[in-house]
1. Can you list residues whose amide H is under 5 Å from His58's amide H, if they're 5+ apart or on another chain and H is modeled 1.01 Å from N?
2. Relative contact order, percent, of the chain when contacts are C-alpha pairs under 8 Å separated by at least 6 residues?
3. Taking R0 as 22 Å, what FRET efficiency do you get between Asn76 and Arg150 from their Cβ-Cβ distance, rounded to the nearest 0.05?
4. Given a 10 angstrom Cα cut-off, can you work out which residue in Asn128, Asn64, Asn53 is the most mobile in a GNM of the chain?
5. In angstroms, what radius of gyration and Dmax does the chain have, counting Cα atoms only?
6. So if each residue of separation counts as 0.36 nm, and I subtract the Cα-Cα distance between Asn52 and Lys107, what length gain in nm does that give?
7. Quick check for the chain: number of Lys pairs with alpha-carbon distance under 17 Å, counting only pairs 8 or more apart or on different chains?
8. Show me, bin by bin at 5 Å from 0, the whole-percent P(r) of the range 24-90 based on Cα pairs.
Amino acid sequence: MPRIIKLLPLMLLLVLSACAESIWASDEAVTKFSYSNNEPPSITLVTVINNNNGSGGHSALLINAHERVIFDPAGNFKSSFAPERNDFVYGITPAVLKTYYGFHARKAWHVVTQKVIVTPEIAEMVYNATKNYGAVPKAMCSISVTNILRKIPGFETIPRTAFPKTIMKAFAKLPGVITDKIYEYD
């Protein structure tokens with residue numbers, strides 16, 4: 001019986017997080033706001049960190065493939081210029097990206113970005129894997145990110161975890177990672 005009591009909080013979390021909100025932007029919106037750039041293909045891990053206690057609050061992926069998108073699993077970011085289909089956000093122009101980072105970085109939180117330049121093939125693999133992943137239940141952002149990355153060549157060392165900082169630490173060990181921190185105090 002004591003073992004069940006210890007597992008009860010985990011089971012409750014799983015039950016509560018089982019419902020994912022499905023959002024499906026129109027084809028017209030996706031086509032209208034699609035954005036690509038001339039930057040090299042890359043995968044950027046976005047981690048939101050609590051400024052008060054240093055804990056991780058959210059994980060997402062910025063993917064620069066044939067177009068630039070964000071996989072924002074269980075995220076709350078909304079923009080009329082960035083249509084979403086089940087946590088896969090299109091139209092990530094420089095202005096939308098700045099807004100996305102500003103949405104997360106505020107007095108209590110900052111954003112850590114970790115960018116890795118990849119081949120076009122790897123960028124497309126991550127693009128397709130995130131596009132096809134589906135809506136992610138609340139509190140499952142890190143698990144979905146690790147489920148995807150672990151299947152991608154070059155990212156197999158990323159552990160499966162529910163903790164954003166654990167992914168961030170593993171991502172930091174990838175060759176050629178470029179790390180940046182974004183602070184805002186509004």
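Values quoted throughout were computed directly from the atomic coordinates according to the rules given, and no laboratory measurement underlies them. Computed from a predicted model, the values in this text were never measured in an experiment. Cβ placement follows ideal geometry from the backbone for every residue including glycine, while neighbour counts extend to all protein chains displayed.
1. Val48
2. Once normalised by length, the contact order is 26 percent.
3. The formula returns an efficiency of 0.30 here.
4. Asn53
5. Rg, Dmax (Cα atoms, Å): 16.5, 59.
6. 18.9 nm
7. 16
8. 4, 16, 23, 22, 17, 10, 5, 2, 0
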